[in-house]
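Step one of this worksheet: look at the structure below.
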Amino acid sequence: GDIQAEEQELYIDPFIEELFEIVAIQAEQKGLELHYWIDEDVPNKILTDVTRLRQILLNLISNAVEFTEKGGVVVTVARGIDKSDRMGLLFSVKDTGVGIPKERIEKIFQPFFTTKPTGQGTGLGLSLSYDIVKAHGGELSVHSDHGEGTVFIVSIPTNHQ
């Protein structure tokens with residue numbers, strides 16, 4: 001398993017719209033809203049490993065849709081700084097689902113720990129997503145209050161032209 005970063009140009013707006021299109025039917029059937037917000041200081045084009053980022057965000061977004069019964073999912077993109085002071089981006093995926101109990105949060109990125117099989121067939125579990133993000137010098141974290149929804153935050157180092 002060679003996790004070499006394949007950097008490609010990524011235009012953020014169409015990228016997120018494309019992810020939403022994939023889950024749109026499922027969201028619509030449940031009456032959920034999909035929204036995204038990109039902070040104005042985020043460059044519209046970055047260089048990153050597009051394939052990996054797509055897999056990870058699609059996994060998080062489709063899980064969010066799956067575990068949310070009312071309300072919706074909001075994806076936010078903001079600027080962040082990584083450990084070596086390189087510019088990074090923060091992608092957060094927030095849902096209005098039931099939330100995850102504390103004792104499960106602690107184990108959520110461990111291998112073989114699944115909340116339930118995903119109906120989306122993305123085939124990428126949270127522990128694998130976590131490993132990939134780490135291998136790319138980023139972070140994957142989660143915040144949830146039971147009954148209050150869940151937010152997953154992916155930070156990735158990026159390069160700009």
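A compact table of results
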{"item": "For segment 142-157, 3J(HN,Hα) per residue [Karplus equation, 6.51 cos²θ - 1.76 cosθ + 1.60, θ = phi - 60°, Hz, x = Gly/Pro]", "result": "9, 10, 7, 10, 4, x, 10, x, 9, 10, 9, 10, 10, 10, 10, x"}
{"item": "Highest-first arrangement of 91-103, 51-63, 34-46, where packing means the average Cβ count within 10 Å", "result": "51-63, 91-103, 34-46"}
{"item": "J(HN,Hα) series, segment 39-55, from Karplus relation 6.51 cos²θ - 1.76 cosθ + 1.60, nearest Hz, glycine and proline x", "result": "4, 5, 8, 7, x, 7, 10, 10, 10, 7, 7, 4, 4, 5, 4, 4, 4"}
{"item": "Distant-in-sequence amide H partners of ASP145 (H built 1.01 Å from N, under 5 Å)", "result": "ILE100"}
{"item": "Phi to ³J(HN,Hα) by Karplus 6.51 cos²θ - 1.76 cosθ + 1.60 over segment 91-107, Hz, x for Gly, Pro", "result": "9, 10, 10, 10, 10, 10, x, 6, x, 10, x, 3, 5, 8, 4, 4, 9"}
{"item": "Summed residue charge, Cβ within 13 Å of VAL73's Cβ, Lys/Arg positive, Asp/Glu negative", "result": "-2"}
{"item": "Listed peptides 10-23, 142-155 by packing density, highest first (mean Cβ within 10 Å)", "result": "142-155, 10-23"}
{"item": "Under-5 Å amide H pairs with ASP49, H placed in peptide plane, nonlocal only", "result": "GLN8"}
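Taken together, the values in this text are just the output of simple stated rules run on the coordinates, not laboratory data. For clarity, every value in this text was computed on a predicted model and none was experimentally measured. Backbone-built Cβ (ideal geometry, glycine too); neighbour counts: all protein chains shown.
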